[in-house]
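The values are calculated or read from the model by the stated rules, or taken from the named source; none is laboratory data. The structure presented is a predicted model; accordingly, all values stated were derived computationally and were not measured. As a convention, Cβ positions derive from the backbone with ideal geometry for all residues, glycine included, and neighbour counts pool all protein chains shown.
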């Protein structure tokens, strides 16, 4: 895995995420997202934006974040 794009936005919200995903979709030619997978950290606004902009993309939650949320632990950044 490696980052392919990033953006600076006014605030984290569904509108900012939708704006970013729409530009990413256009730039990468993703069309409706068919055959692509997005893995994220369980952000509700991101799930909404993904379903609106890329309706056929597979969206999965990062297992590390799911475990941390389930167990009540905070994730520590690792730079391995």
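Inside the range 1-21, can you point out the residues that are in a loop (DSSP other than H, G, I, E, B) and touching a helix residue (DSSP H, G or I) at 6+ places or on another chain (Cβ under 8 Å)?
4, 5, 7, 9, 10, 12, 13
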(request) Output the number of residues of the range 1-17 satisfying the condition of being surrounded by 12 or more Cβ atoms within 10 Å (Cβ to Cβ) and either touching a strand residue (DSSP E or B) at 6+ places or on another chain (Cβ under 8 Å) or closer than 26 Å to residue 68 by Cα (or both). (result) 4
(request) Tell me which residues, restricted to the range 27-62, are in a helix (DSSP H, G or I) and either in contact with a strand residue (DSSP E or B) (Cβ under 8 Å, 6 or more places away or on another chain) or closer than 18 Å to residue 8 by Cα (or both). (result) 27, 45, 46, 47, 49, 50, 51
(message) Which count do you get for residues in the range 22-80 that are at pLDDT below 80, within 15 Å of residue 4 (Cβ to Cβ) and exposed (fewer than 12 other Cβ atoms within 10 Å of the Cβ)?
(response) 0
